[in-house]
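First, the structure itself, so that you have it in front of you.
The values are calculated or read from the model by the stated rules, or taken from the named source; none is laboratory data. This is a predicted model, so every value here is computed, not measured. When we count neighbours, we look across all protein chains shown, and the Cβ atoms used for this are built from the backbone with ideal geometry, even at glycine.
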Amino acid sequence: MNDIRGIVFDLYGTLYDVHSVATQCDSFYPKLGRDVSVLWRQKQLEYTWLRSLMGQYVDFEKATEDSLVYTCRHLGLELDEARRAALCEAYLTLSPFPEVPAALRELRARGLPLAILSNGSIRSIDSVVRRSGLLDEFAHLISVDDVRIFKPSDRVYELAERKLDLHRSAILFVSSNAWDVTGAAYFGYPTCWVNRGSGTFEEMGQRPAHTVTGIDGLARKLSAAHEI
């Protein structure tokens, strides 16, 4: 940890709770909000991976909308234009996990530049971060739009190295998504897996250098490293 000169975070599921949309989903589909949210997120990820493989990029808002349409069709739920617009808007106002604001302030107080590297468009990233009041905590908001392919492509991970103007070995990459941590590790970043739900790490030839249960755990690890 003493060699770390910058920290790059994934956005969705790492800093912000993607399932905070379940409340809005439940208002339209009572008692099914969580089911909608879970399948919606699953298809959202699948569509980013499949589009990357096919070379058919669309921005994150379009992938999110398409996956919502699929979800409602699969579950047999009505999705009129008003509901579609409201649910997609909910993805622009996700809630941060409870420990995130204070942990980010603590990390930034150490003088480390903080950045977000996300599959989201720059509009999506800016909206989520700005509306939660955390915009000032970040030196960079980095979107895959710059390379028109989604994580876990190396072309995406390279963006953070260029934006921070640091060698990858000096950048800690932090994500709750094990597949994302795996991709970043193959690229050459030291990694930290935020394992919020006692999950099982992927079997794809990599392991995280660090594992925590929240962003506050990362702040504690950095504090301990600097006290040695």
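Test Asp10 against the stated conditions and say whether it is modelled with pLDDT of 95 or more and closer than 29 Å to Ile149 by Cβ.
yes
Evaluate the following for Leu50: is it aliphatic (A, V, I, L, M) and out of contact with any Leu (no Cβ under 9 Å at 6 or more places or on another chain)?
Answer is yes for this residue.
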